[in-house]
Each structure stands twice: as C-alpha cells, then as structure tokens.
Amino acid sequence: MAFAGRAGFASSVFALLLPLAGCSTAIKQVYYEVRGAKSDIMLISQFQSDTLAAYQSLRFEPATTTVGDRICPPRLLHHYDEQLADASRELRDAYPGGDPALRITTELLYFQNKGLLSGALLLARSRMYDATDDRLVVDALILTESKSFREGSRGDLAESSVKALRRFLRERQAPRSELLDEL
C-alpha cells in the first residue's frame, strides 16, 4: 500500500511538472524568435588587432560556391551579393577609399533550410587579400544559424552572415589605442 501511495505521489508530481517542460520549450522558441539568425566568425589565420587599420577601401567580390545548386541555391548567392553591396555602402565611413585596398572574397560552403525540428545553417569562408600584392591578410569562417521560424530564410541567413562580416571589419578598422580610449 505504501508503494502505491508513493507511485501515486510521483505520478502527481510528474503530472504537475509536465506542462513546465513544454513551457521551457516554448520559452526557448520565443528566445530564438527574438534573437533571430546568429553569426559567429572563426579566424583560420593568425590575426593582429591592427592588421586592417592601414586599409582605406574595400572591394567585395561576388560570392561564389563550388558545392553546386543543391547545397547552395543560386538565390542564396543573390541574397548574399545584395548584402555585400549594402555592407560596402555602410562601411564607407570606416573605409573612405583609396589605397591600400582590401579585396574580400566569400565562398558559400554549406546551406541548410530551416526544418520543423532543425535550424537553418549557412557556412561561408571569407578571405581578405591585400589588393596590391594579393597577400592573404585574413582567412575566416562565418557560421550562421537560426532556430527561428521567422528568420530562417536564405535572405535572413545571408543578412546575418554579412552583418557579422561588417561588424568584424568595423571593429578591426580602429587602431588599438583608439579602441582602448573608447573603453
């Protein structure tokens, strides 16, 4: 009888906690909807904090892919190029023009649509070269993911990815001493 009482109590506690499990899932989904797509830049090459400070202009080349249309749809390349054009305009204050110039190429390596139970993913490789001597200055991967139903489209992933690249270029433009002065 005591065992049946404990089992009944455990069942009651489980029944009370069950809705909370769904609640945490709902809370997580609300968080993903508010956050939207998120991008991280991972440097492949060594990078000094003042490496980009000398550059006066940016030259974005159209995004490319070598993995084919099934993995990287042409529409994604189009969205990415639109975002690169916007980034070029938005960074004119930090890179006003002239020499030396930084030539930036981006290769889209992987794309996954948002599924019912999976997030949307975009993996891109961005290489930045000195336009004068074609020396590799920065080599980086940009990983973009979205668990949001609202921001999981190709355009959203391209926008988030280029936004991270734009933020990286803006943050690395100022000489180190100016960055410390702002803190």
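Nothing in this text is a laboratory measurement; each read-out follows from the coordinates by a stated rule. This structure is a prediction, so every number in the text was calculated from the model and none was measured. In this analysis, Cβ positions are derived from the backbone assuming ideal geometry, glycine residues included, and neighbour counts consider all displayed protein chains.
How do Ile71, Ile104 rank when sorted from fewest to most other Cβ atoms within 10 Å of their own Cβ?
Values: Ile71 14, Ile104 21.
If I rank by nearby Cβ atoms, fewest first, I get Ile71, Ile104.
Between beta-carbons, use under 9 Å as the cut-off and find the net charge around Leu136, counting Lys and Arg +1, Asp and Glu -1.
Values: positive: Arg127, Arg135; negative: Asp130, Asp134, Asp139.
Result for the neighbourhood of Leu136: -1.
Between beta-carbons, use under 9 Å as the cut-off and find the net charge around Leu102, counting Lys and Arg +1, Asp and Glu -1. If you can, show how the numbers build up before the last one.
Working: positive: Arg59, Arg103; negative: Asp130.
Computed value for this residue: +1.
Roughly how large, in nm² to one decimal, is the mean projection of the convex hull of the alpha-carbon atoms in the range 36-176? Numbers along the way, then the final one.
Values: hull surface 33.2 nm².
Directional mean of the projected Cα hull area for the range 36-176 stands at 8.3 nm².
Could you please rank Leu157, Leu141, Leu102, placing first whichever residue has the fewest other Cβ atoms within 10 Å of its Cβ? Walk me through the numbers on the way to the answer.
On the way: Leu157 30, Leu141 14, Leu102 21.
Sorted ascending by nearby Cβ count, the order is Leu141, Leu102, Leu157.
Could you compute the FRET efficiency for Arg92 and Asp139, with r as their C-beta to C-beta distance and R0 at 35 Å, rounded to 0.05?
Values: r = 25 Å, r/R0 = 0.70.
That gives a FRET efficiency of 0.90.
Which distance in nm do the two modelled labels at Glu107 and Gln48 give, with both placed 7 Å along the Cα-to-Cβ direction?
Inter-label distance under the simple model: 2.7 nm.
What order do you get for Thr144, Thr105 when you list them from fewest to most C-beta neighbours inside 10 Å? If you can, show how the numbers build up before the last one.
Working: Thr144 24, Thr105 15.
If I rank by nearby Cβ atoms, fewest first, I get Thr105, Thr144.
Rounding to the nearest 20 debye, state how big the charge dipole of the range 36-176 is about its Cα centre with +1 on each Lys and Arg Cβ and -1 on each Asp and Glu Cβ. Intermediate values should be presented prior to the final figure.
On the way: 20 positive and 20 negative charges, 79 e Å.
Roughly 380 debye, rounded to the nearest 20.
Give me the net charge of Ser88's neighbourhood, meaning all other residues with Cβ under 10 Å from the Cβ of Ser88; Lys, Arg count +1, Asp, Glu -1. Please list the in-between numbers first.
Values: positive: Arg59, Arg89, Arg92, Arg166; negative: Asp86, Glu90.
Net of charged neighbours comes to +2.
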